[in-house]
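Okay, so here's the structure we're looking at.
The values are calculated or read from the model by the stated rules, or taken from the named source; none is laboratory data. Remember, predicted model here, so these are calculated numbers, not experimental data. Cβ atoms come from the backbone with ideal geometry, glycine included; neighbour counts cover every protein chain shown. What goes into the accessible areas is simple: the full protein's heavy atoms, side chains included, and nothing from ligands, DNA or RNA. Shrake-Rupley method; radii C 1.70, N 1.55, O 1.52, S 1.80 Å.
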Amino acid sequence: MPAVLYEKRDRIAYITLNRPEALNAFNRDLHRELNECWLDFRDDDDVWVAIVSGAGDRAFSAGADVKEMGQLQADRVRRSFWETWFGHNLQSGLEVWKPTIAAIDGYCLGEGLTLSLSCDFRIASERASFGFPEVNLGIATIVGAARAPRVVGLGNALELLLVGDRVDARRAYEMGLLMRVVPAGEALAAAETLAQRLCRNGPLAVRCTKEVAVRSLQVPFGEAVRMGESLRRLVMASEDAREGPQAFREKREARFQGR
Ligand code: COA
């Protein structure tokens, strides 16, 4: 069985972490196959939004595969220390400007939580729980520690990162981690509804706006606006930027093509 299932339907890519017997823990196969999915999603003009979820009814992902941990560390050590590894996967900064949604229906821990923090939206069910248990194992969280404060603020992030206890969906929502909490078993359907809504917007406008929002956290304000205004010119030159106003004038739904 593949460690990750990948399907594309009606402009939506469905990525399913598929190791339910190990609560969808990240082993080497899952890492590798997940990266392949993100690259395909990024490069395929026919898919506009991705949803990532976990197989089974117990977990989004329980984090790094603790049983394979020695091996994963060995792989990392074998690489040169000077090889920067930003962008190796979505968590560590692979640039994907199409919107991404994590549908969380169970445990969302460690690397699983980091993956969800790397998505634009997190929709969780009432049975979801969240945590960075790494410190309980004597292991440091790096990418999760770099990502969490940007989403939930430093205080909430440090609660998750340094205490290591799990919090429930209600507490995660209060922290600002979640867009929405839905009944058990309904996270994927709610994510699909959001994805369909996103697909009704001009996809180039969505990607441009996401890129400006994300990059503006990394560069000074003036540079962000200047870069964004340049990207705006590209979007304004697209067929979609003519179609949107025309559809408005004709009082009909726009038919965006991503061109
Ligand atoms: N890596 C590898 N296997 C894992 C795993 C992980 N991170 N998390 C769960 N599993 C496996 C369990 O070993 C078990 O398989 P087994 O029956 O073959 O031993 C199966 O998934 C079910 O997990 P189990 O522990 O029996 O379920 P539970 O409901 O009692 O507990 C958790 C669920 C998530 C609380 C518990 O599994 C756990 O603490 N997992 C480790 C989480 C973690 O530390 N992740 C971060 C690593 S950096």
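Quick look at the values:
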read-out	value
The chain, helix-only ellipticity at 222 nm - DSSP H runs n ≥ 4, -39,500 (n - 2.57), divided by all residues, nearest 500	-13000 deg cm²/dmol
Separation of the Glu229 and Leu5 label points, Cα + 7 Å toward Cβ, nm	4.9
Phi-based couplings in Hz for the stretch 160-172 (Karplus 6.51, -1.76, 1.60; Gly and Pro marked x)	5, 6, 9, 7, x, 7, 7, 10, 7, 5, 5, 5, 5
Three-way shape label, the stretch 19-175, alpha-carbon gyration tensor, a/c 1.5	rounded
0 to 90° range, to nearest 10: angle between helix 203-215 axis and the chain longest Cα axis	50
Residue-normalised accessible area of the chain, given per residue in Å² at a 1.4 Å probe	54
Overall Cα dimensions of the stretch 133-194, principal axis frame, Å, largest first	38, 22, 19
Sulfur and carbon atoms: percent of accessible area, the chain [1.4 Å]	54
Heavy-atom SASA rank of Leu113, Leu234, Leu94 (probe 1.4 Å, accessible area, largest first)	Leu234, Leu94, Leu113
Farthest positive-ward along the chain dipole, Cα basis, beta-carbon charges - from Gly202, Gly164, Phe60	Gly202
